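Structure first, then comments.
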Amino acid sequence: MITVKEGGHRLFETDPETARYVAEMLQQLRARGLDAVREFSAKFDDWAPPGFELSEAQIAEAIAQCSPELIADTEYCQGNVRTFARAQLGMFQPLEVEIRPGVRLGHKHIPVRGVGSYVPGGRYPMFGSAQMSIIPAKVAGVDTVVACTPPVKGAGYYPATINAMKRAGADRIFVVGGVPAMALMAFGMGVVEPVDILCGAGNKFVAEAKRQLFGQCGIDLLAGPTEIAIIADDTADPALVACDLLGQAEHDPNSGQLLVCLSEKFGRETLKELEKQLAVLPTREIAALSWRDFGKIYVAESPEEALRISDDYAPEHLELHVADVDFYTRNLRNYGSLFIGEETTVAYGDKSIGTNHILPTSRSARYTGGVWVGKFLKTVTYQQMTEAASAEVGAVTARQCDVERMHAHAITARVRVERYQGGAAKPATHAAAKK
């Protein structure tokens, strides 16, 4: 492997100061409820309305501020997300099997009751994020989705975001951001039922709040700054590869970009192209920092080495600009979402094509995928058996429990053996069973 450009390493790490600060906020929010929400919202966002929830009239007013084109485009994007989520739901089927005579085991899928969806604002009003958590949850059958989004500082809501949240299927919409929003959804605070799962991206304070609230409720995943990797051979277009790398660099000064190419010549051509495009990029103030600190270009000696480098990086987004896409799609293991061929790009996945953009970062693609309809379904099992089967299984179970010295467990099995193995029924008590 040859290094053309080396950047820093990005991992999601808990900052002790952030963790302490968020813990103190959550303690106040739990104890003081909406009073603390209002206090923190006024402090950080210059926003303290009488109520944080939007009425149907306010939602309609927000939608009325959106152009017909914006509404149509949002419906196009959300339609793709909904179609894909419904197709995913179709793979969930109940199961029942008789594993031995008289022993039936099964599973079924039950949606969680409530989901809290956080739609980030901040530097960019990412209203496209609304569909990524709300639509899969509603398709899964979730009863109530509570959605929160930060205000435009001192000026209320961003109309495109409210439109997207409503059209995605949010049941309750609150204009409140950051840690207070996560606490409101997790604790309920007397205005909503506490949610079962918190979902959605956000800044480091939102991510830390999710981490600390896990256990109070479930979470989708912990995500750090966004990242892209591209594998490109000499058939690729250096200008297009550079363009896609910068497409992610604009997100955040800590965004990560990795190019794995198959020749040093291609790597250096892409580097020149990238520097040329960066000079005229409208968001170059952010992208330049990100590329400077966290951009990498590696030259692999073979497709096999390119694959190993990519799998070790385990990127959130992975693009393939190669002639032999089949080799990589068959053998790659670690990525959040894969973009096959130059015809697609990360922006399509982020905004419009239908796959989810809430994805694992910071190498967590080694052990998890992103948000999908299955995130909101619990797969639960059940057992049922005949009397004869209970007697058979009970005899083995009792002996196993005795070896483990879990004698009360053994008794629960043995009373069933005695009850169903041809004799008169006996009381199912520990005292009777010991005799």
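In plain terms, the C-alpha convex hull of the chain casts an average shadow of 27.5 nm² when viewed from every direction. The peptide list 127-134, 196-203, 105-112, put in order of mean Cβ contacts within 10 Å with the highest first, becomes 127-134, 196-203, 105-112.
Taking 18 Å as the straight-line reach from the Cα of LYS108, the aspartates and glutamates in range (excluding those fewer than 8 positions away in the same chain) are GLU96, GLU98, ASP143. Rounded to the nearest 10 degrees, what's the angle between the helix 34-45 long axis and the longest principal axis of the chain, both from Cα atoms, 0 to 90? Orientation of helix 34-45: about 20 degrees from the principal axis. Each of ILE99, ASN163, VAL145 was scored by the projection of its Cα onto the charge dipole of segment 99-177, and the greatest displacement toward the positive side belongs to ILE99; charges sit on the C-beta of Lys, Arg, Asp and Glu.
Phi angles across segment 315-321 convert, under the Karplus curve 6.51 cos²θ - 1.76 cosθ + 1.60 with θ = phi - 60°, into 3J(HN,Hα) values of x, 5, 10, 9, 9, 10, 10 Hz, Gly and Pro given as x. Taking amide H positions as modeled 1.01 Å from N, with prolines and chain starts lacking one, the residues under 5 Å from LEU221 and 5 or more places away or on another chain are GLY200. Among THR74, THR386, the ranking by other beta carbons within 10 Å of each residue's beta carbon, starting with the fewest, stands as THR386, THR74. With contacts taken as Cα pairs under 8 Å at a separation of at least 6 residues, segment 263-411 carries a relative contact order of 16 percent.
When only Cα pairs below 8 angstrom with a gap of at least 6 residues are kept, the chain shows a relative contact order of 19 percent. Legend: ranking of residues TYR420, TYR298 from fewest to most surrounding C-beta atoms inside 10 Å; resulting order TYR420, TYR298.
In summary, the aspartates and glutamates within cross-link reach of LYS351, defined as a Cα separation below 14 angstrom excluding same-chain residues under 8 places away, comprise ASP73, GLU75.
Look at the dipole of the chain built from charges on Cβ: of THR235, ALA391, VAL191, the Cα furthest out on the positive end belongs to ALA391. Of ALA183, ALA388, ALA168, the residue with the greatest mean-square motion in the GNM of the chain, using alpha carbon springs below 10 Å, is ALA388. Angle of helix 303-313 to the longest C-alpha principal axis of the chain, folded into 0 to 90 degrees and rounded to 10: 70°. With R₀ fixed at 35 Å, the C-beta to C-beta distance from GLU387 to GLN93 puts the FRET efficiency at about 0.75.
Computed about the Cα centre, the dipole magnitude for segment 1-79 is approximately 400 debye when only Lys and Arg (+1) and Asp and Glu (-1) carry charge, each at its Cβ.
Of ASP143, ASP220, how do they rank once you tally other Cβ atoms within 10 Å and put the fewest first? Don't jump to the answer; show the numbers that get you there.
On the way: ASP143 14, ASP220 26.
Final ranking by Cβ density, sparse to dense: ASP143, ASP220.
DSSP loop trypsin sites (Lys or Arg not before Pro) in segment 242-334 with at most 11 other Cβ atoms within 10 Å of their Cβ, which ones?
ARG333
Computed extension gain for LYS43 through ASP73, at 0.36 nm per residue and net of the alpha carbon distance, reaches 7.3 nm.
Per-residue 3J(HN,Hα) values for segment 118-133, derived from phi via the Karplus relation 6.51 cos²θ - 1.76 cosθ + 1.60 with θ = phi - 60°, read 9, 10, x, x, x, 4, 10, x, 7, 5, x, 6, 4, 5, 6, 10 Hz in sequence order (x marks Gly and Pro). Pairwise Cα distances in segment 33-220 exceed 20 Å for 56 percent of all pairs. Across segment 33-220, the mean sequence separation of Cα contacts (distance under 8 Å, 6 or more residues apart), normalised by length, yields a relative contact order of 25 percent. Taking amide H atoms as placed 1.01 Å from N in the peptide plane, the amide H of THR361 lies under 5 Å from those of GLY224, each 5 or more residues away in sequence or on another chain. The modelled label-to-label distance between VAL396 and ALA60, using points 7 Å beyond Cα along the C-beta direction, is 6.4 nm. Nearest 10 degrees, 0 to 90: what angle lies between the long axis of helix 178-187 and the longest principal axis of the chain (Cα atoms)? It is inclined by approximately 20 degrees.
For the chain, a crude dipole built from +1 on the beta carbon of Lys and Arg and -1 on the beta carbon of Asp and Glu, taken about the Cα centre, is about 2240 debye to the nearest 20.
The distance separating the Cα centre of segment 198-244 from that of segment 114-176 comes to 18 Å.
Throughout, read-outs are computed from the coordinates displayed, never taken from laboratory work. Computed from a predicted model, the values in this text were never measured in an experiment. Neighbour counts are summed over all protein chains in view; Cβ atoms, including those assigned to glycine, are modelled from backbone coordinates with ideal geometry.
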